[in-house]
Structure formats: C-alpha cells, structure tokens
Amino acid sequence: MSALLSLRGVWVEYGDKVVLEKVDLDVEAGSFVSIVGPSGAGKSSFLRVILGQEVPTRGSILLDGVPLAPECGPDRGVVFQRYSVFPHLTALRNVVFGLECEKAPLAARLFGSARRAAEEEAAAMLKAVGLGDSLHLYPAQMSGGMQQRLAIAQALLKRPRILLLDEPFGALDPGIRADMHALIRQLWSDYALTIIMVTHDIREAFSLGTRVLALDKRRHDPHAPHRYGATAVYDLQLDRKDRKPLGITVDNKGNKLEAAL
Ligand SMILES: Nc1ncnc2c1ncn2[C@@H]1O[C@H](COP(=O)(O)OP(=O)(O)OP(=O)(O)O)[C@@H](O)[C@H]1O
Ligand SMILES: [Mg+2]
C-alpha cells in the first residue's frame, strides 16, 4: 500500500536553531499515529508543517504522492490543546461559520436555503460529537471537554482525510478524557480518518494509536544546544486490535525500543 502522507528529509529551522532534522516518514491511510517526545522537541512544529501553516526549510511533504500546497488545505483539519472556537458565537454558529467561510469565502455568509442546509449539516456534526443538546450554548457556558468536542466538530466539518491533534485532551480531567478517547476512536472509524496526535500521555499514545512515534534529538552539542534538531527516534507499529507492540522493534543501532519506552 502506498503512503497517504510522506515526509522526505524534512528540516525545520528558525534562524540558526535546528528544530527538526531529516525527518523521513510514511503514514498509511487509516492509521492513527501518536507522537510523543520531550517538551520543545518540535512536535507542534511537525504538525504545523503537515498542516501547511509552515514550510519546511528543507525536504518535501507529499500527500497522495503530490507535493503539499503551501497552505492549509481542506484535506487536513486540526484541533489544538486549548480551544480554537469563537467565544462570541454559539456552538451552532461556530460550526455554521466554518461552513460559510468554506462555501462563501468572500462574504462569509450564507442565506436562504443554503443557510438552512449549512445549519442542518452543522447540527448533524455537533450531534456526532455529542453536542446535540448544546447547539445554542456559548463556549463560556461549556466545559473544557464540550469545547474540545466543538473544536473537533469544526475540524471535521471540512471532511478532512487527515486529522491533526495537538495535545487535544491535555487540559481535561481524567474522566472526561476517557469519554473523549471513546469519541475520537468512534470518529476515526466512522469517518475513515487518518489521525496524527501529539500527546504527553504515553498511555494515551499506546491506547489510541496504531503506531507510536517518538521525536527527540539523536545528538546533542552541549556547547550549542540549537545545533541539532529532533527526528523520529522510535517508531513502533502496534497491533490494531489490542494495540500492543507487535514484536520487538529495534532502532538502527540494534537497541530494543519497547524496553526504552
Ligand atoms: N516561530 C518560531 N520561531 C522561533 N522558534 C520557534 C518558533 N516556533 C517554535 N520555535 C522553537 O522550536 C522548538 C520546538 O517548538 P515546538 O512548539 O514545536 O515544541 P513541542 O515539541 O511542541 O513542545 P511542547 O511539548 O512544549 O508543546 C522550541 O524550542 C521553540 O522555541
Ligand atoms: Mg507543542
């Protein structure tokens, strides 16, 4: 099977600071890739280049074998840790606004039957994320978990093939997290999504992912910490059914990686 998304020798540098160096990666359609790594390793930068918010300083990114357009396309949706919803709009208006921006990019307004259709579509998406009874609430009237559900609804509205999640559940209580895990699993399957999720929670990485990727520096220069960037140092394929490591995976030095994680 050919990869949906391929990174070839991708570097991200800010001035003389190397954040990511030589990242090579193929992501299969339908996979759920969990990304872990220390703070500052470049996980969010990695998502930003896939999203098209930032252009790698070197290397290329291919989507279905075609170089990525240098902008955020509808094939990629994103949810951040903290809420990316508009505070002055109700849940329904937040989602309708996303549709208006997409379908009427100049005016960002729809009228008549087009508007009614957008409202129905938005309401159906809100129902799919469990907010069917909260269409008319403003974000300030919602819990953190509800706001993340709203952000997920917004991201899914464009029917992205790849959903990028940057610590989407990091700010939530453990009980709410478990509900969100169930939701994201359901959406992953219902919408045949490919998901790339950054998390600090190693359990979350293993319980949700079909693959766990660790970004970290392979080499350090104590005199010039910016000199080297992070790359994919561990890459574990998990069994989709029980999400346990399939077997012993080794890195290019022959180290057993499961033990290391
Ligand atoms: N626009 C920018 N200009 C300069 N440096 C940047 C910029 N964006 C990110 N960086 C630097 O790149 C490095 C990686 O940042 P990034 O946000 O990708 O890390 P991260 O792995 O997501 O960290 P965290 O786990 O804390 O979210 C950091 O040292 C950060 O300061
Ligand atoms: Mg980050």
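The values are calculated or read from the model by the stated rules, or taken from the named source; none is laboratory data. Not measured: the values here are computed from a predicted model. Note: ideal-geometry Cβ built from the backbone for every residue, glycine included; neighbour counts use all protein chains shown. Side chains are part of the model used for accessible areas, which takes the heavy atoms of the whole protein and leaves out ligands, DNA and RNA. Shrake-Rupley method; radii C 1.70, N 1.55, O 1.52, S 1.80 Å.
Things worth noting here:
- Hits in region 49-74 - residues which are surrounded by 14 or more Cβ atoms within 10 Å (Cβ to Cβ) and hydroxyl-bearing (Ser, Thr, Tyr): 57
- Residue match in region 36-48 (condition: away from ligand 1 (no atom under 12 Å from the Cβ), open to solvent by less than 40 Å² (accessible area, probe 1.4 Å), touching a helix residue (DSSP H, G or I) at 6+ places or on another chain (Cβ under 9 Å) and not in a loop (DSSP other than H, G, I, E, B)): no
- Among the residues of region 193-237, those identified as in contact with a Gly (Cβ under 9 Å, 6 or more places away or on another chain), under 22 Å from residue 77 (Cα atoms), assigned to a strand (DSSP E or B) and more than 16 Å from ligand 2 (Cβ to nearest atom) are 194, 195.
- Residue in region 140-149 that is touching a Gly at 6+ places or on another chain (Cβ under 8 Å), over 11 Å from residue 92 (Cβ atoms) and not hydrophobic (A, V, I, L, M, F, W, C) present: yes
- Among the criteria (1) farther than 19 Å from residue 156 by Cα; (2) within 16 Å of ligand 1 (Cβ to nearest atom); (3) among the β-branched types (Val, Ile, Thr); (4) out of contact with any Pro (no Cβ under 9 Å at 6 or more places or on another chain), the one residue 66 does not fulfil is (2).
- One residue alone among 79, 18, 23 is touching a His at 6+ places or on another chain (Cβ under 8 Å), open to solvent by less than 80 Å² (accessible area, probe 1.4 Å) and touching a residue at least 40 places away in the same chain (Cβ under 8 Å), and that residue is 18.
- Pairs with Cβ under 8 Å, 6+ apart, first in region 164-191 and closer than 19 Å to residue 143 by Cβ and among the charged types (D, E, K, R), second within 16 Å of ligand 1 (Cβ to nearest atom) and in a strand (DSSP E or B): 167/198
- The one condition from (1) touching a His at 6+ places or on another chain (Cβ under 9 Å); (2) at pLDDT 90 or above that residue 170 does not meet is (2).
- Residue match in region 23-30 (condition: among the hydrophobic types (A, V, I, L, M, F, W, C), modelled with pLDDT of 95 or more and near ligand 1 (Cβ under 10 Å from one of its atoms)): no
- Among the residues of region 166-189, the ones that are under 21 Å from residue 76 (Cβ atoms), of a type outside the set (S, T, N, Q) and in a helix (DSSP H, G or I) come to 6 in all.
- Selected residue (criterion: modelled with the lowest pLDDT) from residues of region 86-103 that are open to solvent by 20 Å² or more (accessible area, probe 1.4 Å), out of contact with any His (no Cβ under 8 Å at 6 or more places or on another chain) and of a type in the set (A, V, I, L, M, F, W, C): 101
- Here 47, 20 are screened, and the one residue that is within 30 Å of residue 127 (Cα to Cα) and touching a strand residue (DSSP E or B) at 6+ places or on another chain (Cβ under 8 Å) is 47.
- Note on region 22-48: residues that are within 13 Å of ligand 2 (Cβ to nearest atom) and under 17 Å from residue 4 (Cβ atoms) total 3.
- Residue in region 29-49 that is of a type in the set (D, E, K, R), on the phi > 0 side of the Ramachandran plot and in contact (Cβ under 8 Å) with a residue 60 or more places away in the chain present: no
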